[in-house]
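Notes follow once the structure below has been shown.
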Amino acid sequence: MNPEKSTYEKYKIIAQSVENPCAIISVTRNDDGELEEIRLFATNEKFSMTGEDVEGELYTKYIPKEPEFEDMCYRVAFKGEKYHTYVNTTKMLGAWSENLLLPLKPEEDGKTGYCQFIYELTKEMDAGKFSTISPTIAGFVIKSCLELRNDNDFKTNLKQVIDSIREYTRASSACVISINPDKEEAEIISQSSNNDIFAAGHFAMTVPYSIADEWAELIGESDCFIMRNKDDFERIEETMPEWANKLRLENTTSLCLMPLLQRKRVLGYILLSDFNVDNALTIKETLEILSLFLSSEMANNQFINRLEWLTSVDMRTGVRNRAAMNRVVDEYAEQLKWVKSPFGVAFFKMNGLKALNDNHGHDAGNKALEEAGEILLDVFDETEVFRSGGEEFAVICENACEKDFIEKIEKVRERGSNPEGVYFAIGYSFDNTEGDLRKALRLANKQTLEEKEAFFEKYPEKRRG
């Protein structure tokens, strides 16, 4: 009897004897022990969801290429390991999947190994399935969830969790990055390192949003991306060459990028770097579960922040209102008493608004106010701009650079110089040393009144009242 046919018939019987979808997978490696290919050697009727014959095909004809799945198959086929996992494969298969990988006897030449792959799909997450995870992982996840719900603010709790993640995974560094597609921003909201250099944080701080936005493409239909060898790094080079160069400069040997999802929307990522790749699957399984809880806490925090923001916004112009300005002035003025830092303040009074209302109606005045708000928000950050009065706006820039601050003032002056629409009288003050916020505001306001009077001298017909 043909030995190859005998092997196939034996494994075909094993696959057909399983009630769930089952495939016997063949794994081949080269003389150096490196993975060559993974094929669906023998399957039962339930395995192919499309009904087509997939036996003898590369596994990638059935599911997208998945480095973590390949690593598990290799370990099972040649090292006799066993895996029972429950993972979120909704992007790939439209459902959660419970997977079982069991070793089978390899060929005598040592180049081909086999494993039994059995899976079950569920449309909705079954929390009970997580009872199959190891006590160590379960204990860490529970501990982290309790840390997230401490009676502290979100960032304090998150810092405690990210420190725990780095220590648990024995990674060199770890960070959580939030993603804001509307503003095209990627921001580190927590980071941890085993030394004074925040390597993982450095990646995000020096990578523009355009690259962070491509992480989703790198992950593809998988639930995360792990770089553990040269092949994985080459995949980054093909997909994101600019980021690959940064990783090379940082001498990054391994990394794990786990998305934080809420209702299929990416809120951010957990990023680990430089850990023992032998623990990659344990790290992956841990972060898969923890990311569910962390995503929920992030979404809740963003919702609360949004509500707080809406109560501080002037609905006419879209900038922050007077009450918000008063809070910022009180808090920042107190802070400057203890820690001096450079800051800039400015007032922007709208010239001729009353004349515009009288001559063209209040709709024209309202549109001018809206345009004024848009100009200021285009130049300054939304957290820095306030409507301090009916026709007056204020800007408070903390920890500012004087050159950048003045350049922004001039941009506003250039755009707000239409005597028939938005024309600002501008006064500003920059403080490098004194730390007296209220004094700076008084100086800026005085300068604004002087500019406003100069406007009426130039356009006397605009003066009203």
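The values are calculated or read from the model by the stated rules, or taken from the named source; none is laboratory data. All figures in this text were calculated on a predicted structure; none of them were measured in a lab. When we count neighbours, we look across all protein chains shown, and the Cβ atoms used for this are built from the backbone with ideal geometry, even at glycine. For the accessible areas, the whole protein counts, side chains as well, though only heavy atoms, and no ligand, DNA or RNA atoms are used. Shrake-Rupley method; radii C 1.70, N 1.55, O 1.52, S 1.80 Å.
Remarks
- Efficiency of FRET between residue 210 and residue 57 - r from beta-carbon atoms, R0 35 angstrom, step 0.05: 0.45
- Two-decimal Rg to Rh for the stretch 349-437 - Kirkwood Rh, Cα set: 1.01
- Between residue 401 and residue 125, the FRET efficiency estimated from the beta carbon spacing at R0 = 60 angstrom works out to 0.80.
- Selected from 121, 460, 33, residue furthest toward positive end of dipole (the chain; charges at beta carbon): 460
- Based on the reciprocal of the average 1/r between different C-alpha atoms, the Kirkwood radius for the stretch 17-134 equals 14.8 Å.
- Proximal charge balance of residue 257 [Cβ under 14 Å; K/R count +1, D/E count -1]: -4
- Debye-sum result for the stretch 312-465 in log10 I(q)/I(0), which assumes one identical scatterer on each alpha carbon, at q = 0.12, 0.19 Å⁻¹: -0.49, -1.15
- Solution diffusion estimate, µm²/s, Stokes-Einstein, the stretch 41-90, Kirkwood Rh from C-alpha pairs, 10 °C, viscosity 1.306 mPa s: 126 µm²/s
- Rg over Rh for the stretch 420-465 works out to 1.13, both radii taken from alpha-carbon positions and Rh defined as the Kirkwood radius.
- With the simple model of a label 7 Å out from the Cα in the direction of the Cβ, residue 310 to residue 414 spans 3.7 nm.
- Theoretical gain in end-to-end length, residue 16 to residue 111 [0.36 nm per residue, Cα-Cα removed]: 31.7 nm
- Values of log10 I(q)/I(0), in the order q = 0.11, 0.21, 0.22 Å⁻¹, for the stretch 65-174 under a Debye, Cα-only, solvent-free model: -0.53, -1.16, -1.17
- Charges were assigned to the Cβ only: +1 to each Lys and Arg, -1 to each Asp and Glu. The resulting dipole of the chain about its Cα centre is roughly 1420 debye.
- Share of pairwise Cα separations in the stretch 360-406, more than 12 Å, in percent: 66 percent
- For the stretch 73-118, the orientation-averaged shadow of the C-alpha convex hull comes to 3.4 nm² (one quarter of the hull surface).
- Compactness of the chain as Cα Rg over 2.2 N^0.38 Å, two decimals: 1.33
- Between residue 183 and residue 442, the contour length at 0.36 nm per residue exceeds the Cα-Cα span by 89.9 nm.
- Helix runs (DSSP H) in the chain reaching 15 Å along axis by Cα, Kyte-Doolittle at least 0.0: 135-148, 280-310
- Simple spin-label estimate for residue 279 and residue 136 in nanometres, 7 Å along Cα-Cβ: 0.8 nm
- Inter-label distance for residue 330 and residue 363, nm, one decimal - labels placed 7 Å from Cα along Cα-to-Cβ: 4.1 nm
- Pairs with C-alpha atoms separated by more than 20 Å, drawn from the list 46/284; 411/439; 79/105; 12/105; 349/458; 349/411, are 46/284; 411/439.
- Computed from the Cβ-Cβ distance with R0 of 22 Å, the FRET efficiency linking residue 34 to residue 237 stands at 0.75.
- Accessible area (Å², 1.4 Å probe, nearest 10) - residue 388: 10 Å²
- Accessible surface, per residue, of the stretch 26-176 when the full set of protein chains is kept, probe 1.4 Å, Å²: 51 Å²
- Spherically averaged projected area in nm², based on the convex hull that wraps the Cα atoms of the stretch 334-384: 4.9 nm²
- Rounded accessible area per residue of the stretch 316-465, 1.4 Å, Å²: 52 Å²
- Residue 182 accessible area, 1.4 Å probe, all protein chains in place, Å² to nearest 10: 150 Å²
- Accessible carbon and sulfur surface of the chain relative to its total accessible area, %, 1.4 Å: 48 percent
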